[in-house]
Amino acid sequence: MGKRTIVTMPGDGIGRVVLDETIRVLDAAGFEANYIVGDIGWEFWIKEGNPLPQRTIDLIAEHKIALFGAITSKPKDAAFEELADELKDKNLVYASPIVGLRQHFGLDICLRPTKSYLGNPLNFVRRGANNEIEEPMVDAAIFRQNTEGLYGGVEWSNPPEKVYDALMTHPKFVKNFGSTPKEEISVSTRIFTKKATERILRAAFEHAKKYNYPSVTLCEKPNVIRETSGMMYKMAQQMQKADYPNIELWNTNIDAQMMWLTKNPENYGVIVAGNMFGDIVSDGFAGLIGGLGFAASAQMNPDTGIGVFEPTHGSAPKYADYEVSIINPIAMIESACMMLDFIEEQQIAAKIRKAVAEVISEGQVRTYDMMKMAGRPDVIQKGAASTQQMADAIIEKL
């Protein structure tokens, strides 16, 4: 069997450096692959009016697996101002390329694991009953529906007449917004379908079954958002009763969950939510294990075998121009481990995770965030490891 081809999409800002260091780690761990670069991000929006060129879509369609660095996104007006002058009369509107990838390839299953590393100085701590310091170990897998909900992109400012007329058929719209001029109204929809909701719920329950988690928590807001969250909760109840009777189903509201995650995070195993609430709760849990420098993600379509693996942090452009990169690469490295899991290279993934754990536990090499420093260029002189030095330490363990 020949080498697998992996599409690498560095994207913007720090995406390039963390992806380069991750490939060094993959090489050191014995993963053999050909890497081919796919164009994506702000540079291509400015020059071509398209941050996700068709050529990149074609590469992913052909090779199935992609590693993605980070992306820069800006509000509509700011994006238009940076567009090349010759493109400004083309009626182009910026849209997130990663959202575009999810929707084009049906990458509706998003998994964001949050697991504590022993010895990480950024781990969540709390005071116990006798005032002693406790450090609960977090091990939560957040399943986020990735293609629908508030991120589905069905929205308008000054909605068209047909849309406005349809809204006016709803009594609550008439009561609360009927006297508001149409041109002063902006609408973003939250659309859930039964097919996609069933898939994300099934993925969450199957993960709990495979890895022996005792519970699945639905984190939505069915007491207020009754049609969408309510549908998801009802389907979860039916699925649990019919197919997973040995796995408990818990139901939490997103607002209360954000409080409880700092009270008893060790009680939660698998969490499943729609797009927006999944985004929120996954960042909340990431904060308990050290922040976005440790937050990995996978977005997958198991039916087609297509997967895109990325850290959840952004492009951090202010750090991209530093002479020596200070960014923590572990989130990108962990994302690559999720890729290895997806393509049945679990042994190599386990080797890398073990090496990362040993580096963190020993505490001799720590990036600026792990040393609780502000992200300034002089942190290297103050003892923080650079991006490359952290990768070097992991490679040495390998």
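The values are calculated or read from the model by the stated rules, or taken from the named source; none is laboratory data. Remember, predicted model here, so these are calculated numbers, not experimental data. Every residue, glycine as well, gets a Cβ built from its backbone with ideal geometry; the counts of neighbours run over all protein chains shown.
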Is it fair to say GLY375 is surrounded by fewer than 22 Cβ atoms within 10 Å (Cβ to Cβ) and touching a residue at least 40 places away in the same chain (Cβ under 8 Å)? yes
All strands (runs of 3 or more DSSP E) inside the stretch 1-77 with 1 or more residues being basic (Lys, Arg) and surrounded by fewer than 20 Cβ atoms within 10 Å (Cβ to Cβ): 4-11
Could you please give the count of residues in the stretch 62-78 that are over 21 Å from the mean Cα position of the chain (by Cα) and modelled with pLDDT of 90 or more? 3
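Kindly establish whether VAL93 is farther than 30 Å from GLU358 by Cα, in contact (Cβ under 8 Å) with a residue 12 or more places away in the chain, assigned to a loop (DSSP other than H, G, I, E, B) and in the same structural domain as GLU310 (by TED's automatic domain parsing). Don't jump to the end; show me each part of the working.
Details: farther than 30 Å from GLU358 by Cα: yes; in contact (Cβ under 8 Å) with a residue 12 or more places away in the chain: yes; assigned to a loop (DSSP other than H, G, I, E, B): yes; in the same structural domain as GLU310 (by TED's automatic domain parsing): yes.
When the stated conditions are applied, VAL93 passes them.
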Out of the residues in the stretch 383-398 that are of a type outside the set (S, T, N, Q) and part of a helix (DSSP H, G or I), which is farthest from TYR322 (Cα to Cα)? LYS397
Quick check on my filter: what residues within the stretch 341-382 are assigned to a helix (DSSP H, G or I), within 21 Å of HIS207 (Cβ to Cβ) and in contact with a Lys or Arg (Cβ under 8 Å, 6 or more places away or on another chain)? none
Pairs under 6 Å by beta carbon, first residue under 19 Å from GLY149 (Cβ atoms) in the stretch 227-241, partner of a type in the set (Lys, Arg), six or more apart or different chains? THR228/ARG190; SER229/LYS221
ASP139 being modelled with pLDDT of 95 or more and out of contact with any Phe, Trp or Tyr (no Cβ under 9 Å at 6 or more places or on another chain): no
